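Heads up, the thing below is written out as structure tokens.
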Amino acid sequence: MRKLNYFKNSMKSAFITALTVASVFAVTACGTSEDGPTSVIVNEVGDSENSETDNGMENKSADDGTVRESLTALEVTELMGNGINLGNTMEAYGRSALGTDAQPTQYETYWGQPVTTQEMLDGMKAAGFDTLRLPVAWTNMMAFETGDYTINSAYLDRVEEIVGYARNAGMYVIINDHWDGSWWGMFGSASEETRKQAMELYKSMWTQIAERFKDYSDYVIFESGNEELGFRLNDTDIAKDSGTLSDDECYTVTNEINQAFVDTIRSAGGNNEHRFLLIAGFGTDINNTCDNRYKMPTDSATDKLLVSVHYYDPSGYCINTSIAKWGTKQEYQTMNDTLERMTKFTEQGYGVVIGEYGVLIENTNNELKENTLEYVQNFLNNCDLYGYCPVLWDCNNLYNRNNTEIIDMGMARLYIKHSLEIQSEMTKEDIIAQARKEMDNDYDSADEGAGVDDDTAMAWIMFNSSDWNVQYSVGDVYNPGSATEGIVAEDVEITGEGTYTVSLDFTGVSGGYAESTVFSAIAIANGETLFPGYYIDIQEILINGEPYEPKGQPYTCSDDGKATRVNLYNAWVTQVPDDIRILEDNGQEPSPCILDADTLGKIETLSVTFNYVKGN
């Protein structure tokens, strides 16, 4: 996540066979298996008594330097239990306002969060959270533009202090580099020198972090990055000449970065030789991470790698305010199917961490969205079923750091129920059986929704407004219930060749219009399977009742091999696919953005008429 009040303002794509490893849930109070792998204490960092670190900072850390060399990635993921992010805190990016020499707590509070305390972390553990993910913006206090990649020691001290709080509370800790002003775009620079500097910065950063924490136990886990390891290597926030990487090259560079991460940590000495390492998935998107172009790095240690992805599906419900409720059979099935995909990694022995998930809390009244409890319950049950570690994204919302408690009693009970402390009294088989039973019951009791079966082709307009406040059925699965209240949609069943019109009327939504668009497309559910090779040939676009002249050349394509689409505005497509279909070449370049989002303004109605034409 990058800074917003609660969640990031970009669309996140949604995103496990049961594990066959022996149960490791019979644990002691400190989280080690009673009859599992033998613990090996390689080094010590203090003890349960207060001690002074060699940097002069008082470190009240109970971490004893334990490394469990025979503990596997699959086993530790289960022991990590539930997790929570310390969101919008150490990753708060304040370089432009604060410079690189401010007090660390000035950055820590820059996005409105309180100074972190031991009591806050103790409260998280008591609330059922067994792992803390600590997002950090390391370049806040690094003058990297001058080629000096030294992290200000005061910043490292403060991060170490928070790690100590978490270890005192008995929690695992995940440390990463998180958005960080998007310096990652240097990897996509047109300048080879800038790309080399990006790798130098990255290696230097992790060398310093690994050195600082080399004597800490394997309860401290390093994560190679966040959402930026993917297409966002082309970000231009800092590297203005970025954007040079093709999609394939984004995968190649992501794999190179992750390999450099592993090699850097393993060569850093101390307990880093056997530390668990969390490898950022491609954009932390489940579908893109499961793409065969994404490769897990090689490792000198055995069974010590985990993979991190995020899950905010549907984005209009989880991240934005455009969808108010969730819970149809179709939505349950989409979540279940998507999360199951990550068994691709568990079957290879990699642990899976869902490093971020959650449902936006309405900050105006601090209340949960409708069906939040049902959503999170099914999500946590999926994680129990497949042995994933779920890590809630939270910024002092669901868990109130000032009161050190979860604000909703139902959610509080849910997290306690899924905590390691409670589940340690159950066998692995019982946990799986309970998860499966609850998932089946929840699915059976869910509303049918208004989707279509595999024998029906339905055309509609996928839509997101530019301010994310208005949405209609975004995604390749037709789901008209996933819509902002007040939208009137004209969807149409496709029966074969012919002329069809689809439309959206936004006059009934709050405000009476949609503000431009950040994503829109004509889609036909089951089009590729029922009418393979057909073309969507746009005849007319009406905006607010007036004809609109598209720019560029529209093309027919498919993202999932099932739904047919023509993008109207899709800035996430950085490279036009090779397998597009064009009925008649109009002489212009194929474009995923035939609407001009910069000039659309307020859209009250949107209508598209197209011919559906059989291919040769």
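The values are calculated or read from the model by the stated rules, or taken from the named source; none is laboratory data. Treat the numbers as computed from the prediction; the structure is a model and nothing was measured. Every residue, glycine as well, gets a Cβ built from its backbone with ideal geometry; the counts of neighbours run over all protein chains shown. Only protein heavy atoms, including side chains, enter the accessible area calculation; ligands, DNA and RNA are left aside. Shrake-Rupley method; radii C 1.70, N 1.55, O 1.52, S 1.80 Å.
When the residues VAL474, VAL566 are ordered by accessible surface, computed with a 1.4 Å probe over the protein chains alone, the sequence from largest down reads VAL474, VAL566.
Here the sum of -39500 (n - 2.57) over DSSP H runs of 4 or more residues, divided by the residues of the chain, equals -7500 deg cm²/dmol at 222 nm, to the nearest 500. Pairs of alpha carbons in the stretch 242-344 separated by more than 20 Å make up 53% of all such pairs. For the chain, a Kirkwood hydrodynamic radius built from all Cα pairs, placed in the Stokes-Einstein relation at 25 °C and 0.890 mPa s, yields a translational diffusion coefficient of 97 µm²/s.
Above 27 Å, the calculated P(r) of the stretch 434-582 contains 27 percent of its Cα-Cα pairs.
Which of LYS295/LYS551; LYS125/LYS295; LYS203/LYS304 have a Cα-Cα distance over 28 Å? In this structure, LYS295/LYS551; LYS125/LYS295 exceed 28 Å between Cα atoms.
Determine, for each peptide in 558-564, 479-485, 594-600, the mean count of other beta carbons within 10 angstrom over its residues, then list the peptides with the highest first.
Descending mean neighbour count gives 479-485, 558-564, 594-600.
The order of the peptides 206-218, 429-441 by mean Cβ neighbours within 10 Å, most packed first, is 206-218, 429-441. Given a 1.4 Å probe and the protein chains as shown, ASP447 ends up with an accessible area of around 110 Å². Taking square-rooted eigenvalues a ≥ b ≥ c of the alpha carbon gyration tensor, is the stretch 335-462 rounded, prolate or oblate, where a/c under 1.5 means rounded and, failing that, a/b exceeding b/c means prolate? Cα axes put the stretch 335-462 in the oblate bin. Once you charge only the Cβ atoms, +1 for Lys and Arg and -1 for Asp and Glu, what is the size of the charge dipole of the stretch 69-153 about its Cα centre, to the nearest 20 debye? Dipole about the Cα centre, nearest 20: 240 debye.
Here, the stretch 491-572 yields an orientationally averaged convex hull projection of 6.4 nm² when only Cα atoms define the hull.
Of the peptides 491-500, 264-273, 519-528, the ranking by mean beta-carbon count within 10 Å, highest at the top, reads 519-528, 264-273, 491-500. A dipole drawn for the stretch 195-262 from +1 and -1 charges on Cβ atoms has a positive end, and of GLY230, MET205, SER246 the residue lying farthest that way is MET205. PHE187 contributes about 10 Å² of solvent-accessible surface, heavy atoms of the protein only, 1.4 Å probe. For the chain, the dipole from Cβ point charges (+1 on Lys and Arg, -1 on Asp and Glu) about the Cα centre works out to 500 debye, to the nearest 20. Per-residue surface analysis assigns ARG158 an accessible area of about 20 Å², computed on protein heavy atoms at 1.4 Å probe radius.
Less than 5 angstrom separates the built amide H of LYS214 from none of the residues sequence-distant by 5 or more or on a different chain.
If the only charges are +1 at each Lys and Arg Cβ and -1 at each Asp and Glu Cβ, what is the size of the charge dipole of the stretch 323-433 around the Cα centre, to the nearest 20 debye?
Working: 9 positive and 17 negative charges, 31 e Å.
The calculation lands at about 140 debye.
One way to sum up the overall shape of the stretch 62-154 is the equivalent ellipsoid from its Cα gyration tensor, whose semi-axes run 30, 18, 11 Å, largest first.
Against the compact-protein benchmark of 2.2 N^0.38 Å, the Cα-based radius of gyration of the stretch 135-277 scales to 1.05.
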